[in-house]
1. Obtain the nm distance between the two label points defined at residue 182 and residue 209 by a simple spin-label model: each point lies 7 Å from its Cα along the Cα-to-C-beta direction.
2. Given a Förster distance of 22 angstrom, what is the FRET efficiency for residue 112 paired with residue 67, based on the Cβ-Cβ distance and rounded to 0.05?
3. Using Cα pairs closer than 8 Å and at least 6 residues apart in sequence, work out the relative contact order for segment 109-195, in percent.
4. Between the DSSP loop rule and a limit of at most 12 other Cβ atoms within 10 Å, which GluC sites (Glu not before Pro) in segment 82-152 are left?
5. Take the alpha carbon gyration tensor of segment 117-219, find the square roots of its eigenvalues, order them as a ≥ b ≥ c, and report rounded if a/c is under 1.5; if not, report prolate when a/b exceeds b/c, else oblate.
Amino acid sequence: MGTAIVVSALLVTGCGDDTARTATSVTTEPLTSSTSSGTTSPTGDTTATSTPAADPTLSEALAAVGARYRFTAVVDVGGVVTTQVDGTVYDGSGHYLVTSGGTTVEYIIGPSGQWARQAEGAWTVLSGPAPVADPLTPLAHPTRIEVVSSDAGRVVLDATYPASALGFVGSDEVVVTILIADGALAELRYQMPIGEDLATVLTTIDITSEVTPITAPTL
């Protein structure tokens with residue numbers, strides 16, 4: 001099962017609709033209202049340019065985050081938060097708290113295995129892939145990048161990915177709006193259909209908080 005920027009499977013978990021993982025090409029909302037390198041309408045809408053990604057590039061912004069960071073991913077459907085993921089990534093291992101429908105499931109994913117538990121209960125070894133993953137690895141290879149805006153240390157990009165690259169079923173493309181702040185990737189947002197609704201997934205990256213090593217649980 002794919003793990004599209006943390007929550008492809010969580011969209012299904014949070015909403016109970018298998019259509020959540022069928023991708024369509026959608027344009028996400030801008031993450032900033034700063035001056036655009038494209039054309040801005042009187043209503044504030046911004047037309048993305050097709051010029052190459054501004055400095056810093058996406059690859060440099062990903063590298064600036066490094067392999068140790070915290071993040072929060074929120075799935076919003078019709079103004080209601082259905083799922084939230086609070087995660088920590090440390091040198092390839094991940095610790096995730098997934099809250100959906102009033103229930104929180106804790107995951108640890110590392111080179112030696114994957115585990116899950118509920119409410120401080122006993123850890124269980126997962127027989128298949130966990131429905132969560134680090135949010136940055138799938139972003140490394142977009143098929144297209146457009147500059148939405150660039151101003152005062154903030155760059156907003158629209159990056160296009162094949163649905164399969166992000167873990168979704170279907171042959172369409174997914175557009176992810178990425179905010180780069182002071183050279184490091186800070187936020188990413190995309191939208192996906194959930195039945196007749198549209199889910200917005202917003203992930204914020206924190207590279208300032210202390211991150212400690214993640215160890216495998218003792219069973």
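Just so it is clear, none of the values below were taken in a lab; they were calculated from the coordinates. Quantities reported herein were computed from a predicted structural model and do not represent experimental measurements. FYI the Cβ positions are ideal-geometry reconstructions off the backbone, even for glycines, and counts take in every protein chain you see.
1. 1.7
2. Numbers: r = 17 Å, r/R0 = 0.78.
For residue 112 and residue 67, the calculated efficiency is 0.80.
3. Details: 117 pairs, mean separation 14.4, N = 87.
The value is 17 percent.
4. Values: sites: 106, 120, 146; in loops: 120.
In loop regions of segment 82-152 (DSSP not H, G, I, E or B), the sparsely surrounded GluC sites (Glu not before Pro) are 120.
5. On the way: a/c = 2.33, a/b = 1.38, b/c = 1.68.
Oblate is the answer for segment 117-219, as a/c is 1.5 or above yet b/c matches or exceeds a/b.
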